Structures are given as structure tokens and as C-alpha cells.
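The values are calculated or read from the model by the stated rules, or taken from the named source; none is laboratory data. What you are looking at is a predicted structure, and each value in this text was computed from that prediction instead of being measured. As a convention, Cβ positions derive from the backbone with ideal geometry for all residues, glycine included, and neighbour counts pool all protein chains shown. The protein model used for the area step is the full one, side chains on, heavy atoms only, and it has no ligands, DNA or RNA in it. Shrake-Rupley method; radii C 1.70, N 1.55, O 1.52, S 1.80 Å.
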Amino acid sequence: GNSVTQMEGPVTLSEEAFLTINCTYTATGYPSLFWYVQYPGEGLQLLLKATKADDKGSNKGFEATYRKETTSFHLEKGSVQVSDSAVYFCALPHGSGNTGKLIFGQGTTLQVKP
Amino acid sequence: NAGVTQTPKFRVLKTGQSMTLLCAQDMNHEYMYWYRQDPGMGLRLIHYSVGEGTTAKGEVPDGYNVSRLKKQNFLLGLESAAPSQTSVYFCASSYLGEGEQYFGPGTRLTVT
């Protein structure tokens, strides 16, 4: 089946710093790739996605490019804000039939200090 | 359009008690999922359903049962709660088998 490896946190940055959270995957074929965000006390919500190789997903200033050569989907933001403090999860389909199951990375906690 | 809702938001149980967590979605999604989230363990799939009347085991199904009698509802039951089931439980739904999942706000369960 498919798998995902996500950089461990926590990541602590100052406001306006550049953010990168690494995510690499192994998969059969070229599945869709997702980044989810979980704000404190809330459920996960989709941040962005890419459905095919070389696609760039973007939302709220965050970007991630689907790179099949390096099997990566790194999350980036040019200037983080305190409100970006959250846990970020990389995810992709499980790959075993049409079940809709997703494989999630372990999550990376981001703390942004003023 | 409320999306995915979960009831209750918080619950404290004593060991051996039973309870049912309710998940409801109003997006006409076929697929529904129950996860638990524990510190350092990420998200783990408990059970899932690919349509009304169907259920299947996920990664950590022991100690839980589920039912999907109506398309919009997915119930998670604990027949005899144990302290190891102290966790935050999330329900999610999706329209397509390979599509994004929509999550509820979670239920924080403590078993003493």
C-alpha cells in the first residue's frame, strides 16, 4: 500500500519567517496528495491538494508542488503569522481499492511566535 | 449546511460503561470514517463505511462497533469502555473514494 513520511516537529518560527514542512510518499501510480491543518481544539480541515504530477496546490498563502521525481509534496509559506500555529498533516489515498481511506502523516506542530 | 457534526463534544465514562458517539453529515456523502487521535500516534482509522448499510474494519477496530443504518449517520459504539479508549474521536466523510475527507469537530472521551 501507499505510505507517507512527514518531518517531525515541533517547528518554532518567528512571525514573517519562511516555512517548509517536508513530506515524501511512496505510492502506486500518481494519486492525489493533500495537506490538512488542525487548529487547536478543532477537527482537521483540508488546506490544499494536488491531483496530478507537477500540479501546485495553494491556499491561504500556503503552497505545495506535486513532484513525482522526488516523490515529495513539501508545504511552504513565505511569511508565517501567529494565526498559522497549528498541526499540519500530509495525506494520500490508501491505495487498496475504492474505499476512500487516506493515509496521514504523523503531523507536524507549528508554533509561530510574535 | 452544517457539514459534519459530532455528538457529544465531551464525555467522561467509568470503566465498563457503554456509550454511542453519533456522527451526522448533510453533504450526501457515501463514505464515512471514524478515527481516534492520540498524542504521538497521529490519526488512526477505527472503522469506515462505503455506503448505507455497509461497515468495515480499519486499523484499530477492537473494542468498537459501528452502524450505518442511514446514509447521513455513522454511529460508533463502545460496549465496555476501557481507559485505553481515552482519546479524541473524529468522524469524517467523503463523496468520492479518492477524494478529500471532511472532518467533524471531534469528541473528547475520558475513561476513568
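Of note:
- Cα gyration tensor category, rounded, prolate or oblate, for region B:37-99 with a/c compared to 1.5: oblate
- Which listed pairs, of A:Lys56/A:Lys77; A:Lys60/B:Lys71; A:Lys49/A:Lys101; A:Lys68/B:Lys57; A:Lys77/A:Lys113, have C-alpha distances above 21 Å, in listed order: A:Lys60/B:Lys71; A:Lys68/B:Lys57
- When the other protein chains are added to the chain by itself, burial of at least 50 square angstrom of heavy-atom accessible area (probe 1.4 Å, ligands and nucleic acids ignored) affects these residues of region A:94-114: A:Asn98, A:Thr99, A:Gly100, A:Lys101, A:Phe104, A:Gln106.
- Only Cα pairs under 8 Å and 6+ residues apart enter the sum, and on that basis the relative contact order of chain A stands at 37 percent.
- Sequentially through region A:80-95, phi angles give Karplus couplings (6.51, -1.76, 1.60; θ = phi - 60°) of 7, 10, 4, 5, 7, 4, 5, 9, 10, 10, 8, 8, 8, x, 4, x Hz, Gly and Pro residues having no value and appearing as x.
- Among the GluC sites (Glu not before Pro) found in region B:65-112, those both in a DSSP coil and sparsely packed, with 15 or fewer other Cβ atoms within 10 Å of their Cβ, are B:Glu79.
- The ellipsoid that matches the Cα gyration tensor of chain B has semi-axes, each √(5λ) in whole angstrom, of 22, 14, 13, with the longest given first.
- Accessible area ranking (1.4 Å probe, heavy atoms, ligands and nucleic acids excluded), largest first, for B:Met27, B:Met41: B:Met41, B:Met27.
- Sulfur and carbon atoms: percent of accessible area, chain A [1.4 Å]: 47 percent
- For region B:1-69, relative contact order (Cα pairs under 8 Å, six or more residues apart, normalised by length) works out to 22 percent.
- Region B:37-112 and region A:41-112: distance between their alpha carbon centers, rounded to Å: 22 Å
- Computed from Cα atoms alone, the Kirkwood hydrodynamic radius reported for region A:1-61 is 13.7 Å.
- The trypsin sites (Lys or Arg not before Pro) found in region B:45-96 that occupy coil by DSSP, while having at most 12 further C-beta atoms within 10 Å, are B:Lys70.
- Rg/Rh ratio calculated on Cα atoms of the protein assembly as shown (Kirkwood radius): 0.98
- Interface burial for A against B (accessible surface, 1.4 Å probe, total of both chains, Å², rounded to 100): 1600 Å²
- Share of alpha-carbon pairs per 5 Å distance bin for chain A, given as whole %: 2, 13, 24, 25, 19, 10, 5, 2, 0, 0
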